[in-house]
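A quick write-up on the structure given underneath.
The values are calculated or read from the model by the stated rules, or taken from the named source; none is laboratory data. Keep in mind that what you see is a predicted model, and the values were worked out from it rather than measured. No Cβ is skipped: glycine too gets one built from the backbone with ideal geometry, and neighbour counts run over all protein chains shown. To get the accessible areas, we keep the full protein, side chains included, count just its heavy atoms, and leave off ligands, DNA and RNA. Shrake-Rupley method; radii C 1.70, N 1.55, O 1.52, S 1.80 Å.
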Amino acid sequence: MGVSLDTSVLQARRDGPAPETAPAQTAESKAMSLKFEIQPTANPTPETERAARLVDPGFGRIFTDHMAIVRYNQAKGWHGARVESRANFPLDPALAVLHYAQEIFEGLKAYTRDDGGVNLFRPDANAKRFHNSADRMAMAPIPAPVFIEAVEQLVRIDRAWIPGGEGSLYLRPFMIASEVFLGVKPSSEYIFAVIASPVGSYFKGGPAPVSIWVSENYTRAAVGGTGAVKCGGNYAASLRAQAEGIDHGCDQVVFLDAVERRYIEELGGMNVFFVFDDGSLLTPPLGTILPGITRDSIIALAKDSGTRVREEAYTIDQFRADAASGRLKEAFACGTAAVISPIGKVCSASGDFLISGGVAGPVAMGMRKKLVDIQYGRTNDPHDWIRKVI
Ligand SMILES: *Cc1c(COP(=O)(O)O)cnc(C)c1O
């Protein structure tokens with residue numbers, strides 16, 4: 001691996017060149033003690049304009065005034081932690097991420113409690129997953145305390161952007177390879193940043209059941225690949241399949257395993273659960289799927305209430321047969337953005353079938369309420385998942 005001490009464009013602009021000699025300390029030990037410099041924007045969005053944007057924010061188009069940013073290079077390790085005005089990154093055309101897609105991200109939300117405080121839901125789990133993603137993508141791991149601090153500082157400074165009611169503030173931590181070099185190797189420099197986007201209630205009047213298209217032409221992940229990490233490349237590779245689903249009138253695509261093309265894996269960005277007539281739940285096992293925090297939370301809550309949960313392979317043919325026989329009662333998708341989306345219809349080249357008559361089922365809706373009530377602090381939190389930021 002080339003040990004380049006070139007500074008990133010961003011760092012060069014803000015910090016000046018990095019010293020060629022740095023104290024011999026590991027990146028992690030230095031970063032543990034990182035202190036964020038907070039520099040509020042000189043041009044905050046006027047209150048009336050912010051209020052107007054929060055009326056119907058949709059998803060992912062409106063952004064808050066600030067961002068958190070931390071930089072890494074081999075000489076300094078993690079450094080330059082700041083919360084500052086949200087601004088463009090200057091992008092050198094040879095920036096490594098633009099060519100070889102060394103990029104990972106996370107997604108979590110901040111929720112306003114009835115008492116006016118603000119909750120995060122399991123940010124430690126996001127930090128841990130981010131660490132695993134960095135490891136798989138040969139990127140510098142950011143210490144969990146720095147990841148969490150960046151998220152919390154951003155939430156605090158932009159708290160006015162958190163919509164009330166069923167809305168929330170979607171937080172997007174991400175990391176890019178920022179070395180200016182076209183050689184194929186792990187980058188020696190990284191930018192970690194967190195941005196925030198207010199989102200409305202994902203579904204007004206309860207979630208509408210989604211239709212899913214079974215992807216037979218494309219797979220998402222293979223054993224030994226990157227299916228279990230949250231990297232942008234997985235999404236790039238899923239878009240063609242998603243477009244095919246939309247062409248067939250479906251909302252989402254469901255991927256099958258890459259070897260036998262029979263076992264259900266997950267949707268493009270959500271895990272799946274199946275509900276049977278004996279009340280039990282089934283969800284595909286970890287391995288090539290993304291280990292969803294919502295998935296993990298649903299398993300824990302179901303087990304708390306004595307529900308049997310199996311993490312087992314399930315084929316598309318069995319799914320179809322169980323839906324026809326009535327053994328399968330419900331199916332639902334889950335993830336941070338939508339929490340739980342009931343699956344109403346499954347479409348494939350060999351025909352369509354309905355799940356629970358195409359309407360939202362009681363197990364999906366009950367589980368959704370349980371989770372949302374914990375996230376907004378309306379009920380007790382038996383697993384200590386909530387982190388009060390404010
Ligand atoms: C993020 C993601 C999920 C859901 O994970 P949560 O932690 O529940 O939000 C599921 N599948 C994929 C491919 C994802 O990227």
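Quick look at the values:
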{"quantity": "Square roots of five times the Cα gyration tensor eigenvalues for the range 111-208, Å", "calculated": "31, 15, 13"}
{"quantity": "Burial order of peptide ranges 90-101, 58-69 (average beta-carbon count within 10 Å, highest first)", "calculated": "58-69, 90-101"}
{"quantity": "Gap separating the Cα centres of the range 119-193 and the range 315-390, nearest whole Å", "calculated": "27"}
{"quantity": "Flagged links, alpha-carbon separation over 31 Å, of 185/388; 76/185; 128/329; 329/388; 35/128", "calculated": "185/388; 128/329; 329/388"}
{"quantity": "Rh by Kirkwood over Cα pairs, then Stokes-Einstein D for the range 170-214 at 1.306 mPa s and 10 °C, µm²/s", "calculated": "108"}
{"quantity": "Value of Rg to Rh for the chain (Rh from inverse mean 1/r over Cα pairs, i.e. Kirkwood)", "calculated": "0.98"}
{"quantity": "Solvent-accessible area per residue, Å², over the chain with all protein chains present [probe radius 1.4 Å]", "calculated": "43"}
{"quantity": "Anisotropy class of the range 242-281 from Cα gyration tensor, a/c 1.5 cut", "calculated": "oblate"}
{"quantity": "When the convex hull of its Cα atoms is projected in every direction, mean area for the range 7-199 (nm²)", "calculated": "11.4"}
{"quantity": "Normalised alpha carbon radius of gyration of the range 310-390 [divisor 2.2 N^0.38 Å]", "calculated": "1.37"}
{"quantity": "On Cα atoms only, tilt of 144-157 relative to the major axis of the chain in degrees", "calculated": "90"}
{"quantity": "Heavy atoms of residue 182 accessible to a 1.4 Å probe, total area in Å² rounded to 10", "calculated": "100"}
{"quantity": "Degrees separating the helix 232-247 axis from the principal Cα axis of the chain, which is the longest one", "calculated": "40"}
{"quantity": "Principal axis box of the range 284-324, alpha-carbon based, largest edge first, Å", "calculated": "29, 26, 13"}
{"quantity": "For the range 192-340, fraction of C-alpha pairs farther apart than 24 Å, in %", "calculated": "33"}
{"quantity": "Max mean-square fluctuation residue, GNM over the chain, Cα-Cα springs under 10 Å, options 334, 231, 347", "calculated": "347"}
